[in-house]
Amino acid sequence: MEKFTTLTGIAAHLPMINVDTDMIIPKQYLKTIKRTGLGEGLFAELRYDENGTKDPDFVLHQEPYTNAQILIAGENFGCGSSREHAPWALLDFGFRCIIAPSFADIFYNNCFKNGILPIVLPRNEIDKLIDDAARGDNARLTIDLEAQEISGPDGGKIHFDVDPHRKRCLIEGLDDIGLTMEKAPHIEAYEQKTSLARPWA
């Protein structure tokens, strides 16, 4: 998993509530188990019409948001089914951080497991960030995970909370496999001890 320490990038605004995982990545894109190539399907029903033509009014089709790495969203982001394709699609598009007043639990957990930092902030802070992002020129933010701070273009800082264990995993780029491999010496020692005690096993 790619490490997350400090991220400076464009913040796109999507001030919709209850954005579910089917809206993030519609069901027709779930046939693959690959994590790449899903960015094209991200928010497909919002980005394209029935003929597959891009909607020029959708935020991700406008500059500077076409290269956004941060998404500022509304309440209950990622609700609905538990499809892991949702964070895969966000990551494949280029998003490394999602900021919202609240997240669905399963989606929130899946973000951490896939190298995306989900940040929960009060509604008033979200409104300010959305207002800044909508201006275009003020859309660039810096996320400092170590300091747990968001810095805006005006120099202002917003503190955010994050679970210490999840913070460490993101900073060190540790997914579930990486965490298991940290215990490899103990696992190997146990297996050697077991093979001596029970050679028939």
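Observations on the structure shown:
- Candidate set from region 111-131 (those that are more than 22 Å from V59 (Cα to Cα) and open to solvent by 20 Å² or more (accessible area, probe 1.4 Å)); member that is modelled with the lowest pLDDT: K113
- Subset of region 132-162 that is open to solvent by 70 Å² or more (accessible area, probe 1.4 Å) and closer than 24 Å to E75 by Cβ - its residue that is farthest from the chain's Cα centre (by Cα): R135
- Options G41, G37: the member that is closer than 17 Å to E84 by Cβ, open to solvent by 50 Å² or more (accessible area, probe 1.4 Å) and of a type outside the set (S, T, N, Q): G37
- Scope region 1-45; condition part of a helix (DSSP H, G or I) and among the polar types (S, T, N, Q); matching residues: T21, Q28
- Across region 18-28, a minimum of one residue is classified as among the aliphatic types (A, V, I, L, M), under 23 Å from N124 (Cβ atoms) and touching a residue at least 60 places away in the same chain (Cβ under 8 Å).
- Qualifying residue in region 167-185 (condition: among the acidic types (D, E), at pLDDT 90 or above, within 18 Å of A11 (Cβ to Cβ) and surrounded by 11 or more Cβ atoms within 10 Å (Cβ to Cβ)): no
- Within region 115-141, residues that are without any contact (Cβ under 8 Å) to a residue 60 or more places away in the chain sit with their Cβ atoms under 8 Å from residues that are among the hydroxyl-bearing types (S, T, Y), at 6+ positions apart or across chains, in these pairs: P118/Y108; V120/S102.
- Condition check for I106: free of Cβ contacts under 8 Å to residues at least 60 places away in the same chain and open to solvent by less than 50 Å² (accessible area, probe 1.4 Å): no
The values are calculated or read from the model by the stated rules, or taken from the named source; none is laboratory data. Quantities reported herein were computed from a predicted structural model and do not represent experimental measurements. Using ideal geometry, Cβ is built from the backbone for each residue, glycine included, and neighbour counts are taken over all protein chains shown. To get the accessible areas, we keep the full protein, side chains included, count just its heavy atoms, and leave off ligands, DNA and RNA. Shrake-Rupley method; radii C 1.70, N 1.55, O 1.52, S 1.80 Å.
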